[in-house]
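Report on one structure; see the data block that follows.
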């Protein structure tokens, strides 16, 4: 086989393999329209006032883009899953539920890992949505299915354990 034919055959083979791998990669990262692909996770453990250890797996939203998109467009969240928003510095921030389809608990956590508030937030698909603000500076916001905190007796007295984020 002439060299030119070998080069064309090799190039075509590499292109077919590359397209196949790209398609496979897109399929494994599929997410609902308008939402971001699943993010890296950390296991978070809470100890409530009854000394029960409760674990939750949270996706980490640590970049500005990840925090901005959050759980928008997601149609469900596992029973013991959530998203942990890691803010660059402790601050009083405001969240809203624009294009978020799941009712959520927002667990506001300060830089020392103390829960300072828990608010329930409703989905919003309109142009104007209510906003949610903690009573003081927070470093983390943990979003879970609405009612998760109450069903696990999680309140401001709970202790939170998580690996460095």
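Give the order of 161, 132 when sorted by the count of other beta carbons within 10 angstrom, beginning with the fewest. Show your work: numbers first, answer last.
Details: 161 12, 132 19.
Exposure proxy ranking, most exposed first: 161, 132.
Taking 8 Å as the Cα distance limit and 6 or more residues as the minimum spacing, I'd like the relative contact order of segment 59-165 as a percentage. The partial results should precede the final answer.
Values: 221 pairs, mean separation 33.1, N = 107.
It comes to 31 percent, rounded to a whole number.
Subtracting the Cα-Cα distance from 0.36 nm times the residue separation, let me have the gained length for residue 112 to residue 65 in nm, one decimal. Walk me through the numbers on the way to the answer.
Values: separation 47, 0.36 × 47 = 16.92 nm, distance 2.46 nm.
Once the chain is fully extended between residue 112 and residue 65, it gains 14.5 nm.
Values quoted throughout were computed directly from the atomic coordinates according to the rules given, and no laboratory measurement underlies them. Because the structure is a prediction, the values reported are computed rather than measured. FYI the Cβ positions are ideal-geometry reconstructions off the backbone, even for glycines, and counts take in every protein chain you see.
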